[in-house]
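**Q** If you scroll down you'll find the structure; I have some questions about it.
The numbers here are math on the coordinates, done by the rules we state, and not lab data. The model shown is predicted, which means the values in this text are computed figures rather than measured ones. We place every Cβ from the backbone using ideal geometry, glycine too, and count neighbours over all the protein chains shown.
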Amino acid sequence: MSTIDFFTRFNQMNHVLNNFAYNLTKNLDEAKDLYQETAFRAIKNKEKFKVGTNFKAWIFTIMKNIFINDYRKKKKRNTILDSTDNDFYIDSNKNIVSNKAESNIMMEELKAMVNDLDVTLKVPFIMYFNGYKYQEIADYLELPLGTIKSRIFFARKELKVLVNKRYSNNFSLS
């Protein structure tokens with residue numbers, strides 16, 4: 001096909017191509033851009049058109065492929081990859097008021113359970129809880145180190161039983 005024949009056939013399809021471009025883009029400016037890109041590629045690749053095939057289908061295929069490729073590029077460009085950790089709260093700069101009522105109630109109940117322990121278990125346990133070392137407790141109470149360790153162990157064990165009875169529905173300590 002000669003260059004003059006090619007341009008003649010292309011110009012005959014001008015109105016149809018503009019309508020097809022508008023149907024694809026739904027925007028007049030984008031349709032004009034799509035038409036221009038289609039014209040450029042068709043002219044650039046005119047030697048690839050085989051005489052005897054459907055010229056209209058060939059041009060429409062070029063336009064449709066340009067539109068699809070541009071659409072995919074736009075989608076990729078608008079895709080934001082968020083590689084940050086999800087350790088942040090939305091609106092984390094706002095003041096957060098915490099309610100510690102439940103934990104305060106549980107702490108009061110635990111203190112009451114410790115106070116209900118036998119004195120021989122309670123005193124070493126409270127001292128250990130307050131940061132004293134086993135040897136310091138043994139020296140203060142004038143008891144062997146092994147006795148202090150076993151009393152603290154038995155105090156913990158008894159507290160676990162009391163807590164499990166009290167909070168068996170909420171959680172379990174093992």
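**Q** Stretched out fully, how many nm does the piece from V119 to N164 gain, at 0.36 nm a residue minus the Cα gap?
**A** 14.0 nm
**Q** Further question: What is the extension gain from T147 to A57, computed as 0.36 nm multiplied by their sequence separation minus the C-alpha to C-alpha distance, in nm to one decimal?
**A** Stretched out fully, the T147 to A57 stretch lengthens by 22.8 nm.
**Q** Which is the longest part of the chain that has none of the chymotrypsin sites (Phe, Trp or Tyr not before Pro) sitting in a DSSP loop with at most 10 other Cβ atoms within 10 Å?
**A** The longest such stretch corresponds to 1-87.
**Q** Roughly speaking, what is the stretch gain from H15 to E108, that is 0.36 nm per residue apart minus the C-alpha to C-alpha distance, in nm to one decimal?
**A** So the extension gain works out to 25.1 nm.
**Q** Check each of the trypsin sites (Lys or Arg not before Pro) in the stretch 8-82 and keep only those in coil by DSSP with at most 14 other C-beta atoms within 10 angstrom; list them in order.
**A** Those satisfying the criteria are K26, K50.
**Q** Moving to a separate point now. Within a Cβ distance under 12 Å of F10, other residues only, what is the Lys/Arg minus Asp/Glu net charge?
**A** Charge balance in the 12 Å sphere: +3.
**Q** Can you give me the long-range amide H partners of L143? Hydrogens built in the peptide plane at 1.01 Å from N, cutoff under 5 Å, separation of 5 or more residues or another chain.
**A** So L143 has HN proximity to no qualifying residue.
**Q** Given [x] 8, 20, 12, 8, 7, 6, 7, 9, 12, 9, 4, 0; [y] 10, 32, 28, 20, 9, 2, 0; [z] 10, 40, 39, 11, 0, which label gives P(r) over Cα pairs in 10 Å bins from 0, in percent as computed from the coordinates?
**A** Computed from the coordinates, P(r) over Cα pairs in 10 Å bins from 0, in percent corresponds to [x].
**Q** Here's something else I'd like to know. Give, in whole angstrom and from largest to smallest, the semi-axes √(5λ) of the equivalent ellipsoid of the stretch 3-78, with λ running over the eigenvalues of the Cα gyration tensor.
**A** They are 23, 14, 10 Å, listed largest first.
**Q** In nm, give the distance between the simple-model label positions of E30 and Y132, each being 7 Å from the Cα along the Cα-to-Cβ direction.
**A** If labels sit at E30 and Y132, their model points lie 7.8 nm apart.
**Q** Below 26 Å, Cα to Cα, which lysines can K122 reach? Residues fewer than 8 away in the same chain don't count.
**A** Within the straight-line limit of under 26 Å, K122 reaches these lysines: K111, K133, K149, K157, K160, K165.
**Q** What FRET efficiency comes out for the pair Y71/F6, r = Cβ-Cβ distance, R0 = 25 Å, nearest 0.05?
**A** 0.35
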